[in-house]
Amino acid sequence: MRPGWVAGVTRARLLLGRAIGLDHARAVARCRSLEEGVGVLAGSAYGERVRAGDDPAAAERGVADTLLWHLRILAGWLPAAGAAQVRALAGWFELQNIDQRLAALASDGREPPPFVLGALATAWSWIEQAATVEEVADAAGRSTWGVVGGRSPAELALGLRVSWARRIWELAPGAADWVAGASALLVARELFVAGSRERAAQLRRLPAIGEDALDAGSLHELRSALAPSASWALFGVEEPSELWRAELAWWGRVERDATALLRTGGDDAVVVAAVALLGVDAQRTRRALEAAAFGGDPELVELVGEAV
């Protein structure tokens with residue numbers, strides 16, 4: 001390990017010991033109620049923030065808060081370059097805060113408590129003060145997010161996700177194929193679920209997405225137009241209604257790749273792998289709680305085990 005990375009890489013491996021893993025998640029998923037599922041999580045890292053009496057939204061938030069806390073711990077043990085990688089990978093949490101602010105501005109002004117980002121924040125301290133959509137756009141434009149190519153809520157939401165993909169692509173090479181695959185899924189949803197080509201200029205900035213991809217008239221054409229680094233995410237999917245399965249398969253690929261990186265990668269790759277595996281575990285736990293909330297529905301229990 002390189003000097004300055006020893007403590008962070010060691011902490012990354014230790015944090016993975018707080019993941020519950022597939023077997024524990026399946027045990028949660030088989031429960032006959034959310035309350036029972038939360039009970040099965042007691043004693044795990046998630047049990048500190050997912051509590052008896054939680055409704056589904058509160059339980060999901062507790063899982064997310066657990067992941068965020070782990071990432072904040074990890075970033076604090078890393079040198080600047082490693083912390084920057086974690087901050088980029090953790091951009092989802094700041095995106096959620098921004099999404100909630102935009103939704104509040106477009107409605108009655110009420111929004112849930114934001115995620116507490118600490119040193120993982122890039123623009124939230126400014127955006128948190130924004131009182132209009134235009135102020136959100138201005139604050140984002142002055143930050144690492146940059147000018148995202150639009151000022152409406154929909155344009156901001158998409159543009160910020162494009163910016164997030166580009167940031168991870170640049171700072172975390174070990175995640176390049178995951179970003180490319182996620183970009184393919186985002187384009188597929190925009191073109192064939194939302195049915196919109198109005199924001200092609202924003203989509204064009206996604207990593208691994210060429211002009212031919214944006215001209216595709218079907219998922220088959222889109223897959224054929226993409227480089228292998230991105231097209232893999234659409235294998236086995238013929239209809240837009242099946243994209244949710246492609247997204248589950250994306251998590252499965254991330255888990256397999258990250259497990260291999262953890263064994264063979266350098267310091268920065270180990271950090272990226274650990275963040276990815278903690279994210280996989282949180283996603284799996286969220287799905288397990290959802291299955292429990294539906295009484296241990298066998299079909300939902302099966303989905304808990306797909307990301308392997």
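The values are calculated or read from the model by the stated rules, or taken from the named source; none is laboratory data. For clarity, every value in this text was computed on a predicted model and none was experimentally measured. When we count neighbours, we look across all protein chains shown, and the Cβ atoms used for this are built from the backbone with ideal geometry, even at glycine. Remember, those area values only see protein heavy atoms, side chains included, never the ligands or the DNA or RNA. Shrake-Rupley method; radii C 1.70, N 1.55, O 1.52, S 1.80 Å.
Here are the numbers for the structure shown:
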quantity	calculated
Criterion violated by Leu160 - all others in (1) of a type outside the set (Ser, Thr, Tyr); (2) touching a Lys or Arg at 6+ places or on another chain (Cβ under 9 Å); (3) buried (at least 22 other Cβ atoms within 10 Å of the Cβ); (4) outside any loop (DSSP other than H, G, I, E, B) satisfied	(2)
Matching entry among Val179, Val193 (being out of contact with any His (no Cβ under 9 Å at 6 or more places or on another chain), open to solvent by 20 Å² or more (accessible area, probe 1.4 Å) and within 27 Å of Asn97 (Cβ to Cβ))	Val193
Subset of the range 83-103 that is small (Gly, Ala, Ser) and modelled with pLDDT of 95 or more - its residue that is surrounded by the most Cβ atoms within 10 Å (Cβ to Cβ)	Ala90
Within the range 41-65, tally of residues that are surrounded by 15 or more Cβ atoms within 10 Å (Cβ to Cβ) and either in contact (Cβ under 8 Å) with a residue 60 or more places away in the chain or touching a Leu at 6+ places or on another chain (Cβ under 7 Å) (or both)	8
Where a residue in the range 128-151 is touching a residue at least 40 places away in the same chain (Cβ under 8 Å) and its partner, wherever it lies, is assigned to a loop (DSSP other than H, G, I, E, B) and crowded, with 17+ Cβ neighbours inside 10 Å, with Cβ under 7 Å and at least six apart	Ala140/Ala123; Ala140/Val148
Cβ pairs under 6 Å, 6+ apart, first in the range 211-231 and within 19 Å of Ala176 (Cα to Cα), second open to solvent by 90 Å² or more (accessible area, probe 1.4 Å)	Ala225/Asp212
Long-range neighbours under 6 Å by Cβ, at least six apart or interchain, first residue under 16 Å from Ile20 (Cα atoms) within the range 284-301, second open to solvent by 40 Å² or more (accessible area, probe 1.4 Å) and at pLDDT 95 or above	Arg286/Glu60; Val301/Arg30
Within the range 110-154, tally of residues that are buried (at least 16 other Cβ atoms within 10 Å of the Cβ) and either touching a strand residue (DSSP E or B) at 6+ places or on another chain (Cβ under 7 Å) or closer than 25 Å to Ala58 by Cα (or both)	7
Checklist (1) under 14 Å from Gly21 (Cα atoms); (2) in contact with a Gly (Cβ under 6 Å, 6 or more places away or on another chain) applied to Trp250, failing item	(1)
Members of the range 1-38 that are small (Gly, Ala, Ser), more than 17 Å from Val301 (Cα to Cα), open to solvent by 20 Å² or more (accessible area, probe 1.4 Å) and in a helix (DSSP H, G or I)	Ala7
Residue list for the range 74-116, restricted to those being of a type in the set (Gly, Ala, Ser) and either in contact (Cβ under 8 Å) with a residue 60 or more places away in the chain or assigned to a helix (DSSP H, G or I) (or both)	Ala75, Gly76, Ala80, Ala81, Gly82, Ala83, Ala84, Ala88, Ala90, Gly91, Ala103, Ala104
